[in-house]
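Reviewing the structure listed below.
The values are calculated or read from the model by the stated rules, or taken from the named source; none is laboratory data. The shown structure was predicted, so the numbers you read here are calculated from the model rather than taken from an experiment. All Cβ positions, even for glycine, are placed from backbone atoms using ideal geometry, and neighbour counts span all protein chains on display. The accessibility values were calculated without ligands, DNA or RNA, using every heavy atom of the protein model including side chains. Shrake-Rupley method; radii C 1.70, N 1.55, O 1.52, S 1.80 Å.
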Amino acid sequence: MNPKGILLVVSGPSGAGKGTLCQALLEKFDDLQCSVSMTTRKPRPGEIDGESYHFVDKEEFLQRIDNGEFLEWARVYDNYYGTTWEQVRNIIDKGKNIILEIDMQGAMQVKKVFDSGVFIFVIPPSRDVLEERIINRGTEDAGAAKKRLGNLNNELAYINNYNYLIINDSLDKAVKELESIYIAEKCRPHRSIKYWKG
Ligand code: ADP
Ligand code: 5GP
């Protein structure tokens, strides 16, 4: 991987606002691209294959694990999710920085490979707000929503493995914080020195 490129990893409980924040960042910076994960989860209404995710069946996913095609993969809420090396390479080849929106198990695998990655954890302001956001989003049935909420304590235990924590209360403030982290990374000397005109 291009050692000068930035690899952002964003994790957090389901409903914390990861997707919303990443989307806002991607709209502001055209030098950044989000990796499209592969999953065995069924598409939600409106999700497009190849854009939201690459949707595959379990057999194909397991075969790809055996083939060593994943930078990281994990089983999350009864489905498999993973980032393929091909996805990561395509983004690097375009000379862009990468953002991965993945769960904590996957993030820890990425950390072993790219310890220079920037690991960002997103949480809502409270458990109650999280519940409200998952329910209001309306993408999960009651059983699936309960499963996601039930995993919260296990997920929060990962916070100290991350470089940054964003509490997504006011969306504007949270977007500003994510943006600031990204801008700060761009200002690291080995990256910003190329703009010095001599
Ligand atoms: P995740 O990707 O972490 O599962 P989403 O980005 O889908 O979470 O956000 C969950 C729901 O909460 C969505 O309906 C989104 O519009 C809403 N949401 C996200 N951030 C905020 C915020 N700061 N204030 C209010 N609602 C929010
Ligand atoms: P959802 O089903 O709500 O789209 O995603 C469920 C969880 O899977 C979220 O925590 C999300 O971050 C995680 N996830 C999405 N893609 C990947 C991936 O490629 N790898 C891993 N490890 N987790 C992922």
Considering every residue within the range 167-182, establish whether at least one is farther than 16 Å from Pro13 by Cβ, surrounded by fewer than 14 Cβ atoms within 10 Å (Cβ to Cβ), within 12 Å of ligand 1 (Cβ to nearest atom) and of a type in the set (Ser, Thr, Tyr).
-> yes
Got at least one residue in the range 78-93 being aromatic (Phe, Trp, Tyr) and within 14 Å of Ser11 (Cα to Cα)?
-> yes
How about the range 145-198: which of its residues are closer than 15 Å to Val118 by Cβ, assigned to a helix (DSSP H, G or I) and aromatic (Phe, Trp, Tyr)?
-> Tyr182
Could you list, in sequence order, the residues of the range 150-198 that are among the basic types (Lys, Arg) and under 18 Å from Phe121 (Cα atoms)?
-> Lys173, Lys176
Have a look at Met108, Met104 and point out the one that is within 9 Å of ligand 2 (Cβ to nearest atom) and at pLDDT 95 or above.
-> Met104
Residue under evaluation Asp57, criteria (1) closer than 21 Å to Ile134 by Cα; (2) away from ligand 1 (no atom under 12 Å from the Cβ); (3) modelled with pLDDT of 95 or more, criterion not met | (1)
Quick one: what pairs do we get from the range 77-93, first residue without any contact (Cβ under 8 Å) to a residue 40 or more places away in the chain, second away from ligand 1 (no atom under 16 Å from the Cβ), C-beta under 8 Å, 6+ apart or different chains?
-> Trp85/Glu69; Trp85/Phe70; Trp85/Leu71; Glu86/Glu69
Write out, first by first residue and then by second, each pair whose Cβ atoms fall under 7 Å of each other, whose residues are 6+ apart or on separate chains, and whose first residue, in the range 128-152, is within 8 Å of ligand 1 (Cβ to nearest atom) while the second is not in a helix (DSSP H, G or I).
-> Arg133/Gly15; Arg133/Pro124; Ile134/Ser14; Ile134/Gly15; Ile134/Glu140; Arg137/Gly15; Thr139/Arg44
Conditions (1) within 23 Å of Arg148 (Cα to Cα); (2) within 16 Å of ligand 1 (Cβ to nearest atom); (3) touching a residue at least 24 places away in the same chain (Cβ under 8 Å); (4) surrounded by 14 or more Cβ atoms within 10 Å (Cβ to Cβ): number failed by Arg44 = (4)
Looking at the range 5-23, is at least one residue under 18 Å from Val118 (Cβ atoms), modelled with pLDDT under 95 and more than 11 Å from ligand 2 (Cβ to nearest atom)?
-> yes
Glu27 being open to solvent by 50 Å² or more (accessible area, probe 1.4 Å), within 28 Å of Arg191 (Cβ to Cβ) and either within 16 Å of ligand 1 (Cβ to nearest atom) or under 18 Å from the mean Cα position of the chain (by Cα) (or both) = yes
Taking the range 51-61 only, how many residues are open to solvent by 30 Å² or more (accessible area, probe 1.4 Å) and touching a residue at least 12 places away in the same chain (Cβ under 8 Å)?
-> 7
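This table checks each residue for (1) touching an Asp or Glu at 6+ places or on another chain (Cβ under 9 Å); (2) within 25 Å of Glu72 (Cα to Cα); (3) not polar (S, T, N, Q).
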{"site": "Asp103", "(1), (2), (3)": "yes, yes, yes"}
{"site": "Arg137", "(1), (2), (3)": "no, no, yes"}
{"site": "Leu156", "(1), (2), (3)": "no, yes, yes"}
{"site": "Ala174", "(1), (2), (3)": "no, no, yes"}
{"site": "Ser192", "(1), (2), (3)": "no, no, no"}
